[in-house]
Amino acid sequence: MSKISTAALQLPAGLAALEAQLAQDLEFLELPAKPWVPTRTHGGVEVRDVVVIGAGMCGLAATAKLVLTGISNVVAYDAAPAGLEGPWVTFARMQTLRSPKNLHGPALGLPQLTFRAWFTSQWGGEAWQALDKIPKRQWMDYLVWYRKVLNLPVRNGVRMTGLSTNNGLIAVDIDGAEKGRVLTRHLVLATGRSGLGGFAVPDFLTGIDRKYWAHSADDIDFEALKGKQVAVIGAGASSMDNAATALEAGAGAVDMLIRRKEMPRINKMTGIGSQGVVHGMHLLPDAWKWKFVEYTASTQTPPPRSSTLRVSCHRNARFFLDCGIIAVREDDGALVIETTQGPMRYDFLIAATGFSNDFTGRPEFASIAPHIRSWADGRYTPNMGPPRSGMSEAPDLGPAFEFRERVTGSCPVLAHIHCFNDAAMLTHGKVSGDIPAVSAGADRLVRGIAASLFAEDVEEHFANLTAYDTPELQGDEWVDSTPLLQKETAL
């Protein structure tokens, strides 16, 4: 075989060539698999096999895996307009992704579906080698292409407003570009970093007028902060990104109020990342799961170096370590923040305080929230390690990310509602919220859904088996020698 030059391999072939190669790969692999789930209706209304809520990265990966597996009667809903799904071009205020560029992400084992293939087909191998981290807007462009090239059934501008049960089916109330009620056999909550509970807001902000503060995931008018004195709570990546955005928009000064005495410096989970962690963490005994997650939570994940430098390069940025917040009050058109280092006065505060697993506060989950079993409901025991807020409230999930009942028999439909978002981390590891292992998470999710659908329809599948009558043999492939043997025996 003749050698192909490295330079030739680096020449961009363009997206059209990449898409043609992907189409051929899918054809060779016989993907998508032929549809195999029997059609169902209820009261003359079509029943979906799966509804996915969320069309960010995790929602797209889950939807794609379902379709490729032959579960084709699927729809994904996202409240955002097309191209604005997920955090990437909304409240993610970093300049680049934090993950290494070479991670496979939602490619589902298909090389031509990777970000690298998408990038090099347009800009070439040399540009890939020169690339450090992936610009977040470029990652969003890739996800838009991912959805398009796989022709995924996503409906934008549609929000889930409620859930109920209907003769063993899940009734999903929707509003927006489409309104009404959709019946489905399985529901996947691919709701991203916000998981089930939404923003985590500290008690000291209760009752404070929202014109004085915002959560880091809010839609913040940074231009309005020009010349203002701004405080940012926290030392994580989102706190740095929001502080930097405020500084770049012309804030008069930005103070980082950091409770810890020292900044965390080592990203522990990155250091042990492996396929063993991806495929083995969810099978560990509960005590080991708790130990891993509690330790990484206590040591904390440091913000990226680039994000921190993006703040500290501004002369009007200050870092206050060992600065706990005692109380916050409004005072003559501003905020006074009582801290362990004394009172501080600001025009505006940004709370980079993360998200909550407390799904009891979300009206769309009101019908199921009282029945969802959490780790606090007996799965966690004190001998596992110290208790930690945010972990005890995490849902206790089954092997396919399905919710479990707090009281057996109280809400059987929970077995068909799957928590494919950040709230699943304690039970399943980091396979349903971050880039590195999302394909493994989607595979685990869809294997479970496929097995459930097949088992529920087993009588129909068996009936199809017995009714199948296409002959393999036509009867002319051999000659029956029995008459000859009988004649020889008679002689």
Filter the stretch 434-450 down to the residues that are small (Gly, Ala, Ser), farther than 15 Å from VAL67 by Cα and part of a helix (DSSP H, G or I) and list them by number. ALA440, GLY441
For the stretch 145-157, does any single residue satisfy the condition of being farther than 17 Å from VAL75 by Cα, of a type in the set (A, V, I, L, M, F, W, C) and assigned by TED's automatic domain parsing to the domain that holds SER410? yes
Just wondering, is there one or more residues in the stretch 305-319 that are surrounded by fewer than 16 Cβ atoms within 10 Å (Cβ to Cβ) and touching an Asp or Glu at 6+ places or on another chain (Cβ under 7 Å)? yes
Across the stretch 145-183, what is the total count of residues that are within 18 Å of GLY59 (Cα to Cα), touching a Gly at 6+ places or on another chain (Cβ under 8 Å) and loosely packed, with under 15 Cβ neighbours inside 10 Å? 1
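Listed here are the residues, each with its yes/no results for (1) under 19 Å from the mean Cα position of the chain (by Cα); (2) touching a residue at least 24 places away in the same chain (Cβ under 8 Å); (3) under 19 Å from PHE420 (Cα atoms).
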position: LEU113; (1), (2), (3): yes, yes, no
position: TRP118; (1), (2), (3): no, yes, no
position: GLY125; (1), (2), (3): no, yes, no
position: ARG137; (1), (2), (3): yes, yes, no
position: VAL182; (1), (2), (3): no, yes, no
position: GLY195; (1), (2), (3): yes, yes, yes
Taking the criterion of being without any contact (Cβ under 8 Å) to a residue 12 or more places away in the chain and not assigned by TED's automatic domain parsing to the domain that holds ALA224, would at least one residue in the stretch 390-405 satisfy it? no
Determine which single condition SER367 fails, assuming it passes every other condition in (1) of a type outside the set (Val, Ile, Thr); (2) over 19 Å from ARG210 (Cβ atoms); (3) assigned to a strand (DSSP E or B). (3)
So PRO471 ticks every box in (1) assigned by TED's automatic domain parsing to the domain that holds ALA62; (2) surrounded by fewer than 21 Cβ atoms within 10 Å (Cβ to Cβ); (3) in a loop (DSSP other than H, G, I, E, B) but one. Which box is left unticked? (1)
Right, ALA190: within 30 Å of GLU46 (Cβ to Cβ) and of a type outside the set (Phe, Trp, Tyr) or not? yes
How many of the residues making up the stretch 254-286 are exposed (fewer than 13 other Cβ atoms within 10 Å of the Cβ), closer than 28 Å to ALA442 by Cβ and not polar (S, T, N, Q)? 6
Identity of the residue in the stretch 1-56, in a helix (DSSP H, G or I) and modelled with pLDDT under 95, that ends up nearest to LEU113 (Cα to Cα): LEU9
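The values are calculated or read from the model by the stated rules, or taken from the named source; none is laboratory data. Note that the coordinates shown come from a computational prediction; the quantities given were computed from them, not determined experimentally. Methodologically, a virtual Cβ is constructed for each residue, glycine included, from the backbone with ideal geometry; neighbour enumeration extends over all protein chains shown.
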